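Working notes, beginning with the structure itself.
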Amino acid sequence: MITKEILLKLFKKEFATTLKVMRAFPDNKLDFIPHERSQTAKRLMSTFIFEMFLLKMYAFEKEIDRAVFKTYAPENLGTIIVDFERESSEVITGLKNIDEETLKKTIEFAGKNFIADEFMLMMLFDQIHHRGQMSVYIRMAGGKVPSIYGPSADDSSTNL
């Protein structure tokens with residue numbers, strides 16, 4: 001079992017890193033797609049917001065209409081960033097208010113059962129996975145990849 005304090009620490013750190021990666025993407029290239037089977041950059045970043053919806057819906061039992069994701073059509077990168085900041089803030093607040101017993105409850109998702117803390121980590125790890133994809137998109141779209149866990153060749157504030 002992972003404690004609420006550890007989850008809060010991880011979520012805060014990783015959400016801030018995801019924001020840094022999102023801000024590094026060139027705003028005028030949201031329709032960038034690196035391969036025909038890939039998503040556009042806009043859709044990939046929208047996934048970060050959808051994961052926040054899933055966390056709130058399953059872990060905190062908030063009523064969320066899943067159709068919102070299908071119709072989510074942000075106009076620009078600024079909108080995506082504001083939406084992610086709001087949604088991730090709501091997840092942090094929900095996690096602060098959750099009791100330890102709720103972290104032990106069973107959540108059914110995608111035909112599988114998860115303990116709530118495992119489900120939360122899975123959503124976080126999925127965000128980290130998509131953030132890695134986003135870092136490749138940034139470079140291919142002509143942006144500069146920020147430092148994520150360590151130095152980046154594009155980040156002049158790191159020593160390589």
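Any read-out appearing in this document is the output of simple, stated calculations on the displayed coordinates, not a laboratory observation. This structure is a prediction, so every number in the text was calculated from the model and none was measured. Here the Cβ is made from the backbone with ideal geometry for all residues, glycine too, and neighbour counts use every protein chain on show.
Under a point-charge model restricted to the Cβ atoms of Lys and Arg (+1) and Asp and Glu (-1), what is the dipole moment magnitude of the range 1-112 relative to its Cα centre, in debye to the nearest 20?
Values: 19 positive and 18 negative charges, 62 e Å.
Once rounded to the nearest 20, the dipole reads 300 debye.
Expressed as a rounded percentage, what relative contact order does the range 4-106 have, with Cα pairs under 8 Å and six or more residues apart? If you can, show how the numbers build up before the last one.
Numbers: 65 pairs, mean separation 39.6, N = 103.
Relative contact order of the range 4-106: 38 percent.
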To one decimal place, what Kirkwood hydrodynamic radius in Å is obtained for the range 1-90 from all pairs of distinct Cα atoms?
14.2
Between PHE109 and residues 5 or more places away or on another chain, which pairs have amide H atoms under 5 Å apart, with H built 1.01 Å from N, and which residues are they?
PHE114
Given Cβ point charges of +1 (Lys, Arg) and -1 (Asp, Glu) and nothing else, what value in debye, to the nearest 20, does the dipole of the range 66-160 about its Cα centre take?
300
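Kirkwood-based Rg over Rh for the chain (C-alpha set), two decimals?
Values: Rg = 16.3 Å, Rh = 16.5 Å.
Rounded to two decimals, Rg/Rh equals 0.98.
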